[in-house]
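Reading through the structure tokens given below for one structure.
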Amino acid sequence: MRLFNMPPQIVRLCLVTIGIVGSYLVARAVLTPPSFREYGFFRGDALKDIMALPPQYGGKVSCDECHSDQFTKLNKGGHKRLSCEVCHGPGYAHTQSPDAGMHKPTFTVCSKCHEANPSRPKTHKQIVLKEHYAGGKCMECHVPHSPAEVP
Amino acid sequence: MSQKLSRRNVLAKISAALAAACAAPAAQAAKATVQKVLVESGGAKGYDPTKHKWAMAIDASRCIGCGSCADACKKENHVPEGHYYRTWIERYVITKPKPGSDEARGEVLVDSPEGGMHGFGPCPVPKEELLQSFFVPKLCNLCLHSPCAQVCPVGATFDSPDGAVLVDRKYCIGCGFCIQACPYGCRFMSPVTHTAEKCTLCYHRITRGLKPACVEVCPVQARIFGDLKNPVPDDPLQTFYKNNRVQTLKPHLGTEPRVMYAGIDKEVR
């Protein structure tokens, strides 16, 4: 076998090189996902994979649809900036089908935000739980959706 | 080199051509199958990542350290049990300098029990010795020059065009380089999937028009979130930038974090 009068060992070397490079190119063409480099040096479809994850928290406005009483009440009082789900826990499943149920918190939720702590900003309203009416059941004197109100 | 057009020769040539004709679609089919396995996804349609630029800002002077954000992040993203956090809160306690010493400030104590998820206990320093104390929520700093994306050998960690830094779980080989590279400690190796994990800015939520879970539950608006490309009227992010002197964490590293902090002290790293 003599091509262009090249010595046979060179021809063999060329063939081996072409074989290696060729199989690399084939493997690359087959294995690289079409969306690689869609936006950059990564698989563009990875964005869609992450987008497809299901949310757990429905967002405050989603509660308005069925609980507009609580929604308007909350937005008038001292807790107007709070999201429903900070006290009630994740509610996306509940917004999709109300049968999923929703956590109904007790007075224990109040302390995580209102227990006095010197690290907290001075402007935030804090109480020393043990001293504030003996840490009694907060809901006897505060409506959770409108805390300045007495039930 | 001349060859006769024998019957055997012609047959061989025809079968070679046939084989080539069959191989082409077979290769196509093989490619399609392989890619289906690699890239199959059921993502949301109609969201164009090039049309948004999300950003977060932290107003630490408002943070009350209630831990709702860290707790919500864990629930929203199914972050594994144990000491794994995508976002967490740190408490900085700075003591008064020792009497007679010529220093401006005393010791700095930093703690983050369970990532601050269940709030913080009483101040570790008695009131008389306390100079000041505050909380700092931490998350992925969304660097402009993210070291984690630069070191990834397989293109599994990347800066998405809309500003999040994400991990492609199907591509991640779990080498852990990115965890070493992140100067803010925002990454961990998931004990469940054995891939790197981090804050995604709740990518699955923001692309649906929801706020990130931590921003949703923050009762005091210490976390501010918005889209730099599509500011809304009274955009909270623009208001924040306008009203605050901001700083970033570890600016000397040149990572150019896009998360701006207001109300933090020089001790915060």
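Among the residues of region B:224-269, those that are closer than 16 Å to B:Leu201 by Cβ and assigned to a helix (DSSP H, G or I) comprise B:Pro236, B:Leu237.
Are any residues in region B:127-143 out of contact with any Cys (no Cβ under 8 Å at 6 or more places or on another chain), within 26 Å of B:Ala104 (Cα to Cα) and more than 10 Å from chain A (Cβ to nearest Cβ), and if so, which ones? Answer for region B:127-143, where residues must be out of contact with any Cys (no Cβ under 8 Å at 6 or more places or on another chain), within 26 Å of B:Ala104 (Cα to Cα) and more than 10 Å from chain A (Cβ to nearest Cβ): B:Glu128, B:Glu129, B:Leu131. Checking B:Cys202, B:Cys218 one by one, the residue that is on the phi > 0 side of the Ramachandran plot and in contact with a helix residue (DSSP H, G or I) (Cβ under 7 Å, 6 or more places away or on another chain) is B:Cys202 and no other.
All conditions in (1) modelled with pLDDT of 95 or more; (2) in contact with a Ser or Thr (Cβ under 6 Å, 6 or more places away or on another chain); (3) away from chain A (no Cβ under 11 Å) hold for B:Thr87, with the sole exception of (2).
Scan region B:81-111 for residues that are among the charged types (D, E, K, R), surrounded by 14 or more Cβ atoms within 10 Å (Cβ to Cβ) and either in contact with a Cys (Cβ under 7 Å, 6 or more places away or on another chain) or closer than 30 Å to B:Val192 by Cβ (or both) and the total you get is 3. Can you confirm whether region A:106-123 contains a residue that is buried (at least 18 other Cβ atoms within 10 Å of the Cβ), facing chain B (nearest Cβ under 9 Å), out of contact with any strand residue (DSSP E or B) (no Cβ under 7 Å at 6 or more places or on another chain) and over 30 Å from B:Gly121 (Cβ atoms)? Within region A:106-123, not a single residue is buried (at least 18 other Cβ atoms within 10 Å of the Cβ), facing chain B (nearest Cβ under 9 Å), out of contact with any strand residue (DSSP E or B) (no Cβ under 7 Å at 6 or more places or on another chain) and over 30 Å from B:Gly121 (Cβ atoms). Within region A:28-53, restricting attention to residues that are over 24 Å from the mean Cα position of the chain (by Cα) and among the charged types (D, E, K, R), the residue that is farthest from the other protein chains (Cβ to nearest Cβ) is A:Arg28. Selection over region A:73-116 of residues that are free of Cβ contacts under 8 Å to residues at least 60 places away in the same chain and under 19 Å from B:Arg223 (Cβ atoms) gives a count of 12. Do we find a residue being modelled with pLDDT under 90, more than 30 Å from B:Glu76 (Cα to Cα) and not charged (D, E, K, R) anywhere in region A:8-15? Yes, region A:8-15 has at least one match. Scoring B:Ala196 on the criteria (1) out of contact with any His (no Cβ under 8 Å at 6 or more places or on another chain); (2) surrounded by fewer than 19 Cβ atoms within 10 Å (Cβ to Cβ) leaves a single failure, condition (2). Hey, among the residues in region A:124-146 that are within 12 Å of chain B (Cβ to nearest Cβ) and of a type outside the set (D, E, K, R), which one's surrounded by the fewest Cβ atoms within 10 Å (Cβ to Cβ)? Ranking the qualifying residues of region A:124-146, first place goes to A:Val128. Determine, yes or no, whether B:Gly115 is out of contact with any Pro (no Cβ under 9 Å at 6 or more places or on another chain) and crowded, with 16+ Cβ neighbours inside 10 Å. Yes, satisfied.
Cβ-Cβ contacts under 8 Å between residues 6 or more apart (or on different chains), taken from a first residue in region B:231-250 that is under 18 Å from B:Val136 (Cα atoms) to a second residue that is hydroxyl-bearing (Ser, Thr, Tyr), are listed as B:Val246/B:Tyr261; B:Gln247/B:Tyr261; B:Thr248/B:Tyr261; B:Leu249/B:Tyr184; B:Leu249/B:Tyr261; B:Lys250/B:Tyr184. Restricting attention to region B:144-166, the residues that are within 24 Å of A:Asp49 (Cβ to Cβ), more than 8 Å from chain A (Cβ to nearest Cβ) and of a type in the set (A, V, I, L, M) add up to 5. Among the residues making up region A:126-151, a single one is closer than 17 Å to A:Cys87 by Cα and among the basic types (Lys, Arg): A:Lys137.
Let's see how each residue does on (1) at pLDDT 95 or above; (2) charged (D, E, K, R):
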site: B:Pro99; (1), (2): no, no
site: B:Glu103; (1), (2): no, yes
site: B:Gly106; (1), (2): no, no
site: B:Glu128; (1), (2): no, yes
site: B:Phe134; (1), (2): yes, no
site: B:Cys148; (1), (2): yes, no
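Taking residues in region B:108-120 that are assigned to a helix (DSSP H, G or I), and partners anywhere that are among the hydroxyl-bearing types (Ser, Thr, Tyr), the pairs with Cβ atoms closer than 9 Å and at least 6 places apart or on different chains are B:Glu114/B:Tyr85; B:Gly115/B:Tyr84; B:Gly115/B:Tyr85; B:Gly115/B:Thr87; B:Gly116/B:Tyr85.
Here A:Tyr57 qualifies as crowded, with 16+ Cβ neighbours inside 10 Å, at the interface with another protein chain (Cβ under 9 Å from one of its Cβ atoms), within 30 Å of B:Leu166 (Cα to Cα) and modelled with pLDDT of 95 or more.
The values are calculated or read from the model by the stated rules, or taken from the named source; none is laboratory data. Since the model is a prediction, treat every value here as computed from it, not as a measurement. All Cβ positions, glycine included, derive from the backbone under ideal geometry; neighbour counts span all protein chains shown.
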